Amino acid sequence: MKLTEITIRHLQMKLKSPFATSFGTLENRDFLVLEAKDKSGTIGWGESVAFRAPWYTEETMMTNWHMLEDFLIPLILNKKLEHPDEVSNIFSPIRKNNMAKSTIEGAIWDIYAQQTNQSLAAALGGSARRIEVGISIGIQRTTADLIQLIHQYVEEGYKRIKVKIKPGKDVQIIRALREHFPDLPIMADANSAYSWEDLDTLKQLDEFNLMMIEQPLASDDIVDHAKLQKELKTPICLDESINSLEDARKAVELGSTKVINVKIGRVGGLTEAKRIHDYCAEKGIPVWCGGMLESGIGRAHNIALTSLANFTLPGDTSGSDRYWEKDIIFPEVIADDGYIMVPKKSGIGYEIDRETIEAFTVNKKHYR
Ligand code: OSB
Ligand code: MG
């Protein structure tokens, strides 16, 4: 395998409904799509999951473009590769910038799977025929709006409901949800909106039998997360804090987390995601696959990863129709009764809808 040509596109896609978190509201999803061509002509696709602004982590769509153009593409173009696991070594002179690295690595995994005549899921060692999925709901204007949305998604079959919380929009809302849905698997994601000072509030959330509370404290705060976990029955799940296998090991050893949300982009690619999965399996820590409001390309990678055995909890990979009027793959991702079928075709297992990609492209550049 040897990449001879790469194209980067900036796409802008309008979300069907705005997505609000503890940091603000997203109406349009701006992101990069990377198309890589191997010397044999095989084409692979990757998606940069970084947002326009650095609210989730420090990477942005434009820092990703800069890293790709000025550092990562020059390191990988025309370099001979036997296996995608070698990519992390090639990129090792570049610190962090995991989402940028993952954008190319994902395309290389797609090419590798096609050239070895297997699905990306099989290439990663996954065997699930279908995956169980949940849905992540942004902060709503009123609790009544939130309850109505949850009814709709439960009816559609989603297997667990995740709601976003932030200070002032937490205990009351979760209490109302629990009264309304006594047995529903519910979890809450704070996107780092709390600190140790908020211990009392976080302890109040412990009454509602939540499946887990995701990333309550700052991303670099695994010490306080360990202290917090000692005060709570509810399992803590880390998201933003886990950027590598080493981070996962330290958080697990410290007792900062009982569940891990694995995001391919955040950890620098599928190889590292698989390593975290394997480590957690060994330690009895369940994992699930997080989402970044991806287009169908990123979702296809998520579905393949989720087919690995220790992805035992429903993830955030919902159907295309939850995000977009029209996705950029054929067929679109369909969540039927809360399950997504893992494609059997080679590579990412979906066709790329080039016409729709072109329609959403704001800017593009070619590298060779
Ligand atoms: O924290 O998991 C998160 C979306 C954007 C950024 C961060 C997060 C999320 C979600 C939605 O929770 C996941 C999705 O539906 O793709
Ligand atoms: Mg999260």
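The values are calculated or read from the model by the stated rules, or taken from the named source; none is laboratory data. A quick note: this is a predicted structure, and the numbers were derived from the prediction, not measured. When we count neighbours, we look across all protein chains shown, and the Cβ atoms used for this are built from the backbone with ideal geometry, even at glycine. Accessible surface areas use protein heavy atoms only, side chains included; no ligands, DNA or RNA. Shrake-Rupley method; radii C 1.70, N 1.55, O 1.52, S 1.80 Å.
Structure summary
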read-out: Positions within the stretch 189-201 being over 25 Å from the mean Cα position of the chain (by Cα) and either among the aromatic types (Phe, Trp, Tyr) or open to solvent by less than 20 Å² (accessible area, probe 1.4 Å) (or both), in sequence order; value: Trp196
read-out: Counted residues, the stretch 229-261 - those being away from ligand 1 (no atom under 15 Å from the Cβ) and in a strand (DSSP E or B); value: 0
read-out: Selected residue (only one of Arg141, Arg160, Arg130 is under 30 Å from Thr271 (Cα atoms) and away from ligand 1 (no atom under 14 Å from the Cβ)); value: Arg130
read-out: Residue in the stretch 307-315 that is closer than 19 Å to Gly138 by Cα and touching a Cys at 6+ places or on another chain (Cβ under 7 Å) present; value: yes
read-out: Neighbours by Cβ (under 7 Å, 6+ apart or cross-chain): first from the stretch 167-188, open to solvent by less than 60 Å² (accessible area, probe 1.4 Å); second among the small types (Gly, Ala, Ser); value: Ile174/Ala188
read-out: Lone unmet requirement of (1) among the small types (Gly, Ala, Ser); (2) out of contact with any Gly (no Cβ under 7 Å at 6 or more places or on another chain); (3) modelled with pLDDT of 95 or more for Ser22; value: (3)
read-out: Residues that are hydroxyl-bearing (Ser, Thr, Tyr) and within 14 Å of the chain's Cα centre (by Cα), drawn from the stretch 252-305; value: Ser295
read-out: Check on Ile264, within 16 Å of ligand 1 (Cβ to nearest atom), β-branched (Val, Ile, Thr), part of a loop (DSSP other than H, G, I, E, B) and at pLDDT 95 or above; value: yes
read-out: Filtered residue count, the stretch 137-173, keeping only those that are within 16 Å of ligand 2 (Cβ to nearest atom) and not in a strand (DSSP E or B); value: 5
read-out: Test result for Lys258, open to solvent by 20 Å² or more (accessible area, probe 1.4 Å), within 16 Å of ligand 2 (Cβ to nearest atom), of a type in the set (Lys, Arg) and in contact (Cβ under 8 Å) with a residue 40 or more places away in the chain; value: yes
read-out: Qualifying residue in the stretch 205-227 (condition: out of contact with any Cys (no Cβ under 9 Å at 6 or more places or on another chain), more than 22 Å from Pro286 (Cα to Cα) and of a type in the set (Lys, Arg)); value: no
read-out: Condition check for Gly268: closer than 23 Å to Phe51 by Cα, open to solvent by 10 Å² or more (accessible area, probe 1.4 Å) and not aliphatic (A, V, I, L, M); value: yes
